[in-house]
Amino acid sequence: MAKVAFLGLGVMGFPMAGHLAAKGHEVAVYNRTASKADAWTSKHKGRAATTPREAATGAEFVMACVGNDDDLAQVCTGPDGAFSGMAKGAVFVDHTTVSAQITRKLAVEAAALGLHFVDAPVSGGQAGAENGQLSIMCGGAPEDYARAEPVMAAYARICRLIGDSGAGQLAKMMNQICIAGLMQGLSEALAFGQKAGLDGEKVVEVISQGAAGSWQMVNRHKTMLADKFDFGFAVDWMRKDLGICLETADQIGARLPVTALVDQFYKDVQLMGGGRNDTSSLIRRLK
Ligand code: NAP
């Protein structure tokens, strides 16, 4: 069992840190809003720290799941950041969805301090975090990944090293590109069916078992038809992720025409007040 720190107890981090404690790891948690760390320690075995540095002191592994590039930089290298508390040889595992640039920059800064850095963004949403069934795509040195993988196993359904530093984040971008186009297609089909007067659930029972089937169709059609959009991954976060995808595409010369359009559709949902709606709320624009 390892000494592990977990930074960021949001929708994802709270249950992920809980799985580490349940597996018997010695866990120290940090959350910017202290009440969430208190809620975590009242539910799980472990201690709460008041800064990332304090949580990271003495840890062999420091996991993080915060918001965006700036947030990650803050908990790593900001005042009382984790890097200043970590012992040489310790591994930082980042589960936040961020750009490949900030990942590579922090990995270089970590190496200069004798620390190791693995980018490990996740897919599977709130349910995946709660059930310990996340898909984790990683970037970094194979020996660092090999050390971190048994710890991540506490909340992974599948965990793979994709390539060098930043490769995990690039893989996560592919994941988000797939979801963007798929969500718009599913939204159009369900809204079309409603206008045509069909029983959407009856149709989905049939077509989900054919070539049109998808995780989103199976898990979200009922709530989309019922105009309920409070199921995990928020539109605000999706726009952050699509922004990273579009910027990266510009840098590498890739083309993302549909992703760019769907990003604007998500902007419409934000303007309708749906920033904290889940990503299936694209259908709201069509009703
Ligand atoms: P969330 O519920 O909003 O939680 C974000 C966490 O990060 C909170 O604990 C927050 O602290 C902390 N945080 C944010 N900025 C910080 C800063 N500058 N310094 C210290 N702590 C900071 O978000 P989430 O849904 O768990 O998502 C976290 C990350 O995972 C995001 O990058 C997201 O894109 C990614 N992700 C989410 C999902 C999903 O389904 N939710 C799925 C895959 C990936 P406070 O409590 O103080 O606000």
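The values are calculated or read from the model by the stated rules, or taken from the named source; none is laboratory data. What you see is a predicted model, and the numbers here were worked out from it, not measured in a lab. FYI the Cβ positions are ideal-geometry reconstructions off the backbone, even for glycines, and counts take in every protein chain you see. Each accessible area value is taken on the protein alone, full model and side chains, heavy atoms only, with ligands, DNA and RNA left out. Shrake-Rupley method; radii C 1.70, N 1.55, O 1.52, S 1.80 Å.
If you count the DSSP beta bridges with both ends in the chain, what percent of them are antiparallel, to the nearest 5? Intermediate values should be presented prior to the final figure.
Working: 4 of 30 bridges.
In the chain, approximately 15 percent of DSSP beta bridges are antiparallel ones.
Can you list which of the DSSP-assigned H helices in the chain have a Cα extent of 20 Å or more along the long axis and an average Kyte-Doolittle score of at least -1.0? Before the final figure, lay out each step's value.
Numbers: long enough: 167-195 (43 Å, 0.45); 235-252 (25 Å, -0.05); 257-271 (22 Å, 0.22).
Membrane-span-like by this criterion, though nothing is claimed about a membrane: 167-195, 235-252, 257-271.
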field: Nearby lysines by direct alpha-carbon distance to LYS195 (threshold 19 angstrom, same-chain neighbours under 8 apart not counted)
entry: LYS222, LYS228, LYS287
- request: Among PHE117, PHE265, PHE14, determine the one that fluctuates most according to a GNM of the chain built with springs between C-alpha atoms less than 10 Å apart.
  value: PHE265
query: So what's the back-of-envelope 222 nm ellipticity for the chain, counting only DSSP H runs of four-plus at -39500 (n - 2.57) apiece and dividing by all residues, rounded to 500?
result: -16000 deg cm²/dmol
- prompt: Could the peptides 200-208, 161-169, 230-238 be put in order, highest first, of the mean number of other beta-carbon atoms found within 10 Å of their residues?
  reply: 161-169, 230-238, 200-208
statement: Under the rule rounded for a/c under 1.5, else prolate if a/b exceeds b/c, else oblate, using alpha carbon gyration tensor axes a ≥ b ≥ c, the stretch 134-187 is classed as oblate
task: Show me 68-76, 254-262, 4-12, 23-31 ranked by packing, highest mean number of other Cβ atoms within 10 Å first.
output: 4-12, 23-31, 68-76, 254-262
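In whole percent, and with a 1.4 Å probe on the protein chains, what portion of the accessible area of the chain is carbon and sulfur? Walk me through the numbers before you get to the answer.
Details: 7300 of 13350 Å².
Here carbon and sulfur together make up 55 percent of the probe-accessible area.
Of all DSSP beta bridges located in the stretch 3-165, what percent are antiparallel, nearest 5?
Numbers: 3 of 29 bridges.
Antiparallel bridges make up about 10 percent of those DSSP assigns within the stretch 3-165.
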- request: Give the Debye-formula value of log10 I(q)/I(0) at each listed q (0.11, 0.15 Å⁻¹), with one equal scatterer per alpha carbon of the stretch 142-250, two decimals each.
  value: -0.51, -0.84
- request: Over the chain, give the accessible area per residue in Å² for a 1.4 Å probe, as an integer.
  value: 47 Å²
